[in-house]
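Shown next, in structure tokens, is the structure this report addresses.
The values are calculated or read from the model by the stated rules, or taken from the named source; none is laboratory data. Please read these numbers as outputs of a predicted model, since none were measured by experiment. Note that each Cβ is placed from the backbone with ideal geometry, even for glycine, and that neighbours are counted across all protein chains shown.
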Amino acid sequence: MKVREPWLFLFVPRARSMPLPHFILFLKKGENNVNKAKRLIALGLIAILALLLAGNPLSARYLRERAAFSTQENELQEKIEQAAKRFYRPPENARIDRVWKAVPGYNGVEVDQKASYLKMKQDGRYDERKLVFKQIPPAVHLGDLDPAPVYTGNPDKPMVAFLINVAWGNEYLPDILKTLKKHHLHATFFLEGRWAKENPELARMIVSGGHETGNHSYTHPDFSTLPESKIKSQLVKTNRVLEAITEEKVKWFAPPSGSYRDEAVSIAKSMGMETIMWTVDTVDWQNPSPGAIVERVIAKAQGGSLILMHPTASTAKALEPLIVRLEKKNLQIGTVSKLLDEERIIKNEDGTFLDSEKDPADTKDGTE
């Protein structure tokens, strides 16, 4: 074995007379004694330092502040945990309802506790506006269901959609579009293919306003008696016209007069379209007063409602008061696509909305 310090042979007389193995043991004992001494010195210094700190008012103040800060952190975490329990909602799968047929799913929601804590930590206090939410998608989506018409959005979603079927009423469209623009709203216009072909400027006016379009057949036939070949022809021809105008794939089909048979729904589904019916009918084609339209809709509208209307004089006049009344009921207004998607609208208990993808503090009222 090699001796690490051979020069000791020169300065330690006893070492020169030792056999090498004994000398190695002698060195190891010395090292152990040195290490013990070092540890004792270190412990002594720590004890002295602790005594000095204990008598130092600045150190005592630091310890008190640190303890208070730790308590504050714990309280913040506890409040976030409580909020997480209060805001949690499980996802809802899309389903076939006995009455309402195909009903879309709805995301669940949970508080991202870690992200929420980091967002509030700097201020050191709980602020509900700074909660960070995560949406939880359902396992079954609308597209997973067997072909079935859609009469309503998910009833837990505080939103409605305007369905405006267009095959006539050109003179009332500008006023309807103007009112929607004034309120920064978008609707879904179901256009008859023949009408869109004959009125491309009006069709483009609808699209340029940011509105959604859907298929309303080509010539407005009765889909409950139409042969399958003609059903497909009506849908294909209309989609060609609409896609040439919008440059987007058509996703929705509204059968004329709400008349259909199962084969029509299946054919539309095979073409990538869901069949859209309605929850609330304005019956505006009977020319009721604007006030009657508003009261009829408000009495029946709820979360998920699909509200059917046409471009008529009564609808054009009823639209603005209807929008105001719906918003007073804490119902947002969106397109069919927006209503039927699974994104959850997160709502405080006082009825104000939170958008889970944005910081609610960044908006005045928490809405989109």
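Candidates in the range 314-368 are the residues that are farther than 22 Å from Val297 by Cα, at pLDDT 50 or above and out of contact with any Phe, Trp or Tyr (no Cβ under 8 Å at 6 or more places or on another chain); of these, the one that is surrounded by the fewest Cβ atoms within 10 Å (Cβ to Cβ) is Asp350. Of everything in the range 213-232 that is outside any loop (DSSP other than H, G, I, E, B) and of a type in the set (Ser, Thr, Tyr), the residue that is nearest to Glu247 (Cα to Cα) is Thr213. In the range 278-289 there is no residue that is small (Gly, Ala, Ser) and part of a helix (DSSP H, G or I).
Leu242 passes every criterion in (1) part of a helix (DSSP H, G or I); (2) buried (at least 20 other Cβ atoms within 10 Å of the Cβ); (3) over 33 Å from the mean Cα position of the chain (by Cα) apart from (3).
All conditions but one from (1) in contact (Cβ under 8 Å) with a residue 40 or more places away in the chain; (2) in contact with a Gly (Cβ under 7 Å, 6 or more places away or on another chain) apply to Ala313; the one that does not is (2). Kindly evaluate Leu235 against the criterion of being assigned to a helix (DSSP H, G or I), of a type outside the set (Asp, Glu), in contact (Cβ under 8 Å) with a residue 60 or more places away in the chain and closer than 24 Å to Asp341 by Cβ. Taking the combined requirement at face value, the residue does not satisfy it. Screening Thr188 on (1) over 27 Å from Ala318 (Cβ atoms); (2) touching a Gly at 6+ places or on another chain (Cβ under 7 Å) shows it passes everything except condition (1). With the structure loaded, tell me whether Leu308 is within 17 Å of Gly169 (Cβ to Cβ), within 30 Å of the chain's Cα centre (by Cα) and not in a strand (DSSP E or B) or whether it fails that test. Criteria not met by Leu308.
Conditions tested, residue by residue: (1) surrounded by 14 or more Cβ atoms within 10 Å (Cβ to Cβ); (2) over 18 Å from Ala264 (Cβ atoms); (3) touching a Leu at 6+ places or on another chain (Cβ under 9 Å).
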site	(1), (2), (3)
Glu192	yes, no, no
Lys197	yes, yes, no
Leu202	yes, yes, yes
Gly209	yes, yes, yes
Gly214	yes, no, yes
Glu228	no, no, no
Gln234	yes, no, yes
Lys237	yes, no, no
